[in-house]
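So the structure is just underneath, and the comments pick up after that.
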Amino acid sequence: MTKRTIKVDYLARVEGEGALHVRIAGDRVEHVELNIFEPPRYFEALLRGRDFREAPDITARICGICPVAYQMSAVHAMEAACGVTLPTPLQDLRRLLYCGEWIQSHVLHAFMLHAPDFLGLASVVEIAKREPALVQQALRMKKAGNAIIAAVGGREVHPINVKVGGFYRAPRRDEIAGLRDELAWGRDAAAAALQWAAGLDYPDFERDYQFVALRHAAEYPMNAGRIVSSRGLDIGAAAYEQHFAETHEPQSTALHSHLIADGSAYLVGPLARYALNFDRLPAEVQAAAKAAGLGAVCRNPYQSLLVRLVEVLFAFGEALRLAEAYAPPEPASVEVAPQDGSGCWATEAPRGLLYHRYAIGGDSLIRQAKIVPPTSQNQPSIEADLRGVIEANLDMTDDTLRHRCEQTIRNYDPCISCATHFLTLTLDRQGEGAA
Amino acid sequence: MRPLVIGIGNTDRGDDGAGPVAAGLLERSGLTGALVMTCRGDPADLVTAWQEHVAVIAVDACVSGAEPGTVFRLDAVRDPLPEGFGAVSTHGFGLAAAVELARAMKCLPSVLTVYGIEAAGFDAGAPLSAPVATACRAVADEIAQDLQEALCTKPA
C-alpha cells in the first residue's frame, strides 16, 4: 500500500492560527486533523463577575471582523434573561447594524481572501493588477458596510453604541439618510459582483450536509428565529444545549461541536442559512441567485462564495429598506432590570450560528457565560470536507492537493481567532516518501 | 487636502498598539492641519482611507529582529515594504499587502511614509513595553515636526 504525507505549515488568508495534518494510505485518507493552537483567551471566564450590561462591549472584543454578531447575541441573551423584548423600531435598527457587518465581512472574504483561489492567483493584489475596477468596487462595497456600522454602532470596529435594551443613542434621521445613495449603489454593485462570480470555475464537489441555521417566521434570519436543521430539528435557543454539545479534542484549543443524538457533524453559515431560508429571500434576490446558477439549496462548499454574494445583495437591499423607513426610535433603549435567571440566544454571524448563554443574578453580575462561535461548530464539517476532497483528488500532485485543501478550508471563512485561533497543513501519503 | 496620519494596530495586544498610541499622542499634541485616525490594519480599510489623501503617514508595529523600540522610516511609494510588514495583521494580510494592492490599482497617495516600531511582544491585554512606549513618543514628535515644517513651508 502506498502511503504519503503532505504538510502545509501555514494556511494563509484565514483569521487566526492553525495547522492541518493529513495522512493518506493508498486510496484511503487515514487521518485528518485540523489543529488549532492559538491560545484560548478565556472570555467566558472573564465575563463572570462583570455587570451584565458590560457583556456587549466585552464580547465585541472577541473578534475584529464580526464584533456586531457578538454584541447581538449577547444583548439578546441578556434581554431574554430579564424577560424583555424590544419594540420593533429598535429591532429594526439592530437588523440594519447587522446588515453592515454581513456586507463588510462577506466582501472582505469573497474578494480579498477567497476569489484568488478560483483565479489561480496568489492574492487579491494579483487580481487588482488584472482587474483594478473590480477590486475598487469591492473596496467601495466594504466601505458601505463599514459606514452602516459607524452610523449605527458609533464606530466601524468594536462598535460602542450597542447596549442591553437598545442603543445609547439613536442615530439622527440624517445620519441614516446619508447612507441611502451608497446602499442603492451597493445593491447594484453586489448584483454585478454576483454575476462576475458566477463565471468562476468551481471544483465539482458536494456533500450531504446537515444544515443548521436560524429560521424566522417572516424574514431572512439575522437576530432572531428558531434553530432548525435540514433533518427536521426545530427548537428554540433555550434548547440548544440539549441538542448540541462541545467536546475538547487534543489537537485543538477550540472546542468541536456535534449533535448529541448521533454525534454527527453539522454545518452552519451561508450555505445553511441559504438552504433553510431561500424562501425568505426577496423575489429579486432569489432570481439573481438562480441567474448565478444556484438552486434553492447549494451543497458545493466552494460555491459558498456565490452564496455569500447573494447574501451581500440581500443585505444591501435590506439595509436600504430599513434606512428608507428609518425614524429615530424614541426612547433609544428600554429599561432592562437585572433579575436572577439565565438567558440564551442565537443570532446569525456572517460565518453562521452564534450561541450565547448567560446566568445572571439580581445584583446584575454575570454568574456564568457560554459562547459557541460558528467556526467551532464547523470544525468537524471542515475535516469531513477535507476527507472527501482528498479522497476525490488523490491523483493530484502534493502541491496541487495542498492548495486544494487550503482552498477547502477557506470555503468556511474560518475565524480561528474566534474559535480560538492559524493553520499549518501536513499531508501524509505514507509509503510514497512524498514531502 | 490635509495629510492623513494613520495609526495601525490593536491596543489590546501589547506592542501591536504602537500605531494607535503614537497616533493618539499626535492627536493630543494639538497639531492642526492633519487628520489623525486609527485602524486595525484591514488592508481594504487602509486602501480606502488613504485614497482620499495626497500625503499619508502610517505608523505600525513590526518584527524584524531588531532591538524593541527601534524605529524604521520607509518610503512606501518608492519601494515595497518588506514582506509581511506589520506585526499582527488581519487574515495574515497586512500593511505591506495594502501598499501593493494600492500600487496595483494605481491609487497610492503621492506620499506614503511608513514608520515601523519594532515590537517586543503581542500578549493579549498587555501594555506597551517600555522601549516601544518611548519610541511612540519619539515617532509622534518626529511626525509633528515634519508636518509643522511641511505646513509652514506650504505655499499660500
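Residue-wise test of (1) closer than 30 Å to A:ALA110 by Cβ; (2) modelled with pLDDT under 95; (3) under 26 Å from the mean Cα position of the chain (by Cα); (4) not hydroxyl-bearing (Ser, Thr, Tyr).
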{"site": "A:PRO329", "(1), (2), (3), (4)": "no, no, no, yes"}
{"site": "A:GLY362", "(1), (2), (3), (4)": "no, yes, no, yes"}
{"site": "A:LEU386", "(1), (2), (3), (4)": "yes, yes, yes, yes"}
{"site": "A:ALA392", "(1), (2), (3), (4)": "yes, yes, no, yes"}
{"site": "A:THR420", "(1), (2), (3), (4)": "yes, yes, yes, no"}
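From the list B:ALA150, B:ALA133, B:ALA119, B:ALA144, which residue is modelled with pLDDT of 95 or more, farther than 20 Å from A:VAL135 by Cβ and more than 14 Å from chain A (Cβ to nearest Cβ)? Residue meeting the stated conditions: B:ALA133. Considering segment A:33-59, and only residues there that are under 23 Å from the mean Cα position of the chain (by Cα) and in a strand (DSSP E or B), the residue that is modelled with the highest pLDDT turns out to be A:GLU33. Taken as a whole, the structure leaves A:ALA315 outside the set of residues that are within 20 Å of A:SER73 (Cβ to Cβ), out of contact with any helix residue (DSSP H, G or I) (no Cβ under 7 Å at 6 or more places or on another chain) and crowded, with 23+ Cβ neighbours inside 10 Å. When A:GLU284, A:GLU206 are checked against the criterion of being under 21 Å from the mean Cα position of the chain (by Cα) and surrounded by fewer than 17 Cβ atoms within 10 Å (Cβ to Cβ), A:GLU206 stands alone in meeting it.
Per the conditions (1) modelled with pLDDT under 95; (2) touching an Asp or Glu at 6+ places or on another chain (Cβ under 9 Å); (3) surrounded by fewer than 16 Cβ atoms within 10 Å (Cβ to Cβ), the sole criterion not satisfied by A:THR247 is (2). Scanning segment A:129-150 for residues that are more than 8 Å from chain B (Cβ to nearest Cβ) and either at positive phi or aliphatic (A, V, I, L, M) (or both) yields A:ALA133, A:LEU134, A:MET141, A:ALA144, A:ALA147, A:ILE148, A:ILE149, A:ALA150. Of all positions in segment A:90-111, none carries a residue that is assigned to a helix (DSSP H, G or I), facing another protein chain (nearest Cβ under 10 Å) and among the acidic types (Asp, Glu).
Screening A:LEU276, A:LEU309, A:LEU305, A:LEU255 for residues that are among the hydrophobic types (A, V, I, L, M, F, W, C), buried (at least 20 other Cβ atoms within 10 Å of the Cβ) and in contact with a strand residue (DSSP E or B) (Cβ under 6 Å, 6 or more places away or on another chain) leaves exactly one candidate, A:LEU276.
In summary, B:ARG40 fulfils each of the numbered conditions (1) under 23 Å from A:VAL125 (Cβ atoms); (2) surrounded by fewer than 24 Cβ atoms within 10 Å (Cβ to Cβ); (3) modelled with pLDDT of 90 or more with the single exception of condition (3). Checking every residue in segment A:221-228 against the condition of being surrounded by fewer than 18 Cβ atoms within 10 Å (Cβ to Cβ), not assigned by TED's automatic domain parsing to the domain that holds A:MET141 and not basic (Lys, Arg) gives zero matches.
Can A:ARG187 be described as surrounded by 21 or more Cβ atoms within 10 Å (Cβ to Cβ), among the charged types (D, E, K, R) and within 21 Å of the chain's Cα centre (by Cα)? Here the answer is yes, as A:ARG187 does meet what is asked. Exactly one residue among A:GLU126, A:GLU79 is within 11 Å of chain B (Cβ to nearest Cβ), part of a helix (DSSP H, G or I) and not β-branched (Val, Ile, Thr), and that residue is A:GLU126.
For (1) assigned to a helix (DSSP H, G or I); (2) away from chain A (no Cβ under 14 Å); (3) hydrophobic (A, V, I, L, M, F, W, C); (4) closer than 17 Å to B:LEU112 by Cα, each residue gets a yes or a no:
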position: B:ARG2; (1), (2), (3), (4): no, yes, no, yes
position: B:THR11; (1), (2), (3), (4): no, no, no, no
position: B:ASP16; (1), (2), (3), (4): yes, no, no, no
position: B:LEU31; (1), (2), (3), (4): no, yes, yes, no
position: B:MET37; (1), (2), (3), (4): no, no, yes, yes
position: B:VAL47; (1), (2), (3), (4): yes, no, yes, yes
position: B:VAL59; (1), (2), (3), (4): no, yes, yes, yes
position: B:VAL77; (1), (2), (3), (4): no, yes, yes, yes
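For A:PRO329, are the conditions met, namely being on the phi < 0 side of the Ramachandran plot, out of contact with any Pro (no Cβ under 9 Å at 6 or more places or on another chain), surrounded by fewer than 21 Cβ atoms within 10 Å (Cβ to Cβ) and assigned to a loop (DSSP other than H, G, I, E, B)? The answer is no for A:PRO329. Restricting attention to segment B:95-111, the residues that are surrounded by 23 or more Cβ atoms within 10 Å (Cβ to Cβ) and more than 12 Å from chain A (Cβ to nearest Cβ) add up to 1.
The values are calculated or read from the model by the stated rules, or taken from the named source; none is laboratory data. All figures in this text were calculated on a predicted structure; none of them were measured in a lab. Cβ sites come from the backbone with ideal geometry, for glycine too, and all protein chains shown count toward neighbours.
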